[in-house]
1. May I ask you to derive the relative contact order of region A:135-251, considering only C-alpha pairs under 8 Å and at least 6 residues apart, and to give it as an integer percent?
2. May I ask you to sort B:Val85, A:Val38 by Cβ crowding, counting other Cβ atoms within 10 Å and putting the fewest first?
3. Give, as a single signed number, the net charge of other residues whose beta carbon lies under 14 Å from the beta carbon of A:Arg260, with Lys and Arg counted +1 and Asp and Glu -1.
4. Taking the Cβ of B:Arg220 as the center, what net charge do the other residues with Cβ under 15 Å away carry, scoring Lys and Arg +1 and Asp and Glu -1?
5. Would you mind checking the pairs B:Lys71/B:Lys236; A:Lys105/B:Lys105; A:Lys59/B:Lys182; B:Lys65/B:Lys231 and listing those with alpha carbons more than 22 angstrom apart?
6. What is the helix-to-structure angle for A:246-261, meaning the angle in degrees between its Cα long axis and the longest Cα principal axis of chain A, kept from 0 to 90 and rounded to the nearest 10?
7. A:Gly70's amide H: which non-local residues (gap 5+, or another chain) put their own amide H closer than 5 Å, with H modeled 1.01 Å from N in plane and none for Pro or chain starts?
8. To the nearest Å, what is the center-to-center distance of region B:3-56 and region B:103-168, using C-alpha atoms only?
Amino acid sequence: MRKQQTMSNIQLKVDQLSKSYTVGSGQVEIIADLTFEVSAGEIVSIVGPSGIGKTTLLKCLTGLQSITSGTALIDGKPIDGPPEEMALVFQEYTRSLMPWLTVEKNVRLPLKHLRLPKAEVEDRVRTALASVGLAQAAERFPWQLSGGMQQRVAIARALAYRPEVLVMDEPFASVDAQTRFELEDLCLKIRDEFGMTILLVTHDIDESVYLSDRVVVLGHRPAIVTRIVDVDLPAPRDQIATRALHEFAELRTEIFELIRAGAIVTEPSEK
Amino acid sequence: MSDAPSTQVIRTQARARRVRGNRPFLMALQIGVPVLLLAAWWFGSLQSTDPYFPPLPDILVQFQKLWLFDKFLSDVVPSIANFAVGYLIAVIAGILLGVLLGLVKPLFWLLDPIVQLVRSIPAVALLPIFIALMGFGNEVRVFAIALASLFPVLISTIDGVRATEPLLLETARSYRLTRWEKLRRVYLPSAAPQMFAGALVSLQVAFIVMITSEMMGAARGIGALTLLAQKSFEVKSMWAGILLLGILGFLANLLFTLVRRRALAWFIGAQKAASAD
C-alpha cells in the first residue's frame with residue numbers, strides 16, 4: 001500500500017549526473033551519467049566496490065560538492081548547495097559531534113537558525129532524543145558516551161532537524177556488530193515514525209538488503225549504475241527472521257555478484 | 001537500547017575516583033614542598049652576614065614595611081593595572097586578529113610575513129623607541145606589554161582556527177549554520193584550547209615586560225622600586241621586591257588556571273576520558 005502510494009511521489013531525482021575532478025593537467029571522471037530516483041518514504045541503499053565514488057556521489061547529492069554535469073533535484077528543485085530538506089549523518093560520529101556541547105545542545109544547534117517557536121524547538125529535541133533512546137543522556141557530553149550512543153546522537157540531531165530526506169554515509173561502519181543491528185532497526189523505526197526518506201551508502205551488502213526497499217549498485221570507473229535491485233522482503237523486517245529468508249540470501253548473492261563484476265580492474269583513465 | 005552507562009563511562013569514573021583518592025597526598029605535596037623550601041631559606045639565612053643575602057626574617061620585615069601598605073597604592077596597583085590592561089588588550093586583539101587571519105587566507109598571506117618579522121624583535125628592545133615616541137607615561141608601558149604579549153596568543157589562535165576539524169565544518173555547512181553560528185559554535189570553541197595555550201605564554205611575556213618596562217625611566221612601579229633599591233644598595237628592599245614579583249606571578253598563574261578550567265571544562269574532560277582507555 002505504502003509503496004504504491006509513494007512510487008508516484010518522486011522526492012530525489014538524479015539525472016545523468018557526472019562528477020569529474022581536475023587532477024594535474026587532466027580531468028578524472030569519477031561518476032558518469034548516473035540516473036536513479038528515490039520516492040518519498042523509501043529507504044534506498046547505494047552499494048558498490050570500495051573506491052567507486054559512493055561518498056563523492058553523496059557529497060554531490062547533499063550539495064557539499066558541485067556537480068560537473070547532469071542534474072540532481074530534490075522536490076523538483078536543483079541541488080546547488082546544502083538543501084534545507086536534507087540532513088546528513090557521517091560515518092565518523094566522533095568527529096561530527098561538537099565535543100564542547102552536551103548531547104542536547106548538539107541536537108539543538110542546527111535548529112537555532114530555523115527561527116522556530118521555543119516550545120517547538122524543545123519538543124523536537126526531546127522527541128528526537130527519546131526516539132533514539134537517549135533521553136537520559138541529554139546532559140552528557142559526546143565523549144562520555146560509547147560509539148553506538150554517539151552515532152545515535154548524530155541521528156537524533158538529524159531527526160530534530162526534520163528533514164524530508166535523511167542521507168547517511170556508511171553510518172554504521174564504525175560500530176560493533178550488535179550496535180549495528182540496533183542502529184539498523186532504529187533506521188527502520190525512524191522511517192515508519194517520521195515518514196522520512198532515507199538514502200544511505202553502505203559497504204555492507206547484508207545491511208543494504210535488510211534495510212532497503214531498493215538497492216542501487218554502482219560499478220566500474222567512471223561509476224555507473226550497474227543495476228537497481230528491488231528488495232521485496234516482507235515488512236516488518238526482523239534481524240533474525242528476515243535474514244533467515246531464502247529471498248534474503250538470493251538478493252545478497254545477486255548484489256554480491258554485481259559488485260564483484262563491477263569492481264575496478266583497470267587504472268583510472270584520464271581524459 | 002538501554003540508557004545504562006557504557007563501560008567507557010564507568011572506566012572514566014573509576015579513574016577519576018582513583019585520582020581523587022590520591023588527591024590529599026598530592027595536595028600535601030603541593031603545599032609541603034614550597035613550605036619546606038621557605039623553611040630552608042628562613043633557617044639557612046638566619047645567621048647570614050653576607051650583605052647580598054640578608055636573613056629572610058629581615059626581608060619579610062622590609063616586605064611588610066614597603067608593600068603592606070605604604071607603597072601599595074602608589075606603586076603596586078599601577079603596575080598591576082598596566083599589566084592587566086596590556087594583557088587584556090593583547091588577548092582580545094590576538095583572538096580577533098587571529099580568527100581573521102585564520103579564516104581569511106589572502107589576509108594571512110598578506111600579513112604573516114609582517115607578523116613573523118615584528119614578533120622576532122623583542123618588545124623590550126623596542127622600548128627606547130616607544131619611549132621616544134610616546135614619552136615616559138603609563139601608555140608606553142601598557143603599549144609595550146600589549147605588543148609583546150600579542151604574538152603568542154595571535155599565532156596560536158591562527159593555528160587553532162585553521163586546525164578546525166573539517167568534518168565539523170561539513171556538518172555545519174550541511175545544516176546550513178549561519179556564518180556567525182559557525183564562528184561562535186564551531187571555530188571559536190574548536191580553537192579555544194590552542195588560544196588558552198597561547199594566552200598562557202602571553203601571560204609570562206606580559207609579566208616580564210611589565211617589570212622591564214618599569215626599569216626604564218619609570219619613577220613608580222614594582223620594577224622601578226626594585227631597581228632603585230638595587231642601585232642604592234638597599235638589598236633588603238630589593239629582595240622584598242623580588243618576593244612580591246614572585247607572589248604576583250604565582251597569583252596571575254593561579255587566576256589563569258581557574259579561568260581555563262572553567263572555560264575548557266569540556267576539553268579537560270575529553271582528555272581525561274581519552275586517557276582512561
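Any read-out appearing in this document is the output of simple, stated calculations on the displayed coordinates, not a laboratory observation. These numbers were taken from a predicted model, which means no experiment stands behind them. All Cβ positions, even for glycine, are placed from backbone atoms using ideal geometry, and neighbour counts span all protein chains on display.
1. Rounded, it is 18 percent for region A:135-251.
2. B:Val85, A:Val38
3. Value of the local net charge: 0.
4. Charge balance near B:Arg220 sits at -2.
5. Pairs exceeding the cut-off: A:Lys105/B:Lys105.
6. Result, in degrees: 60.
7. A:Ser18
8. Rounded to whole Å, the Cα centres lie 36 Å apart.
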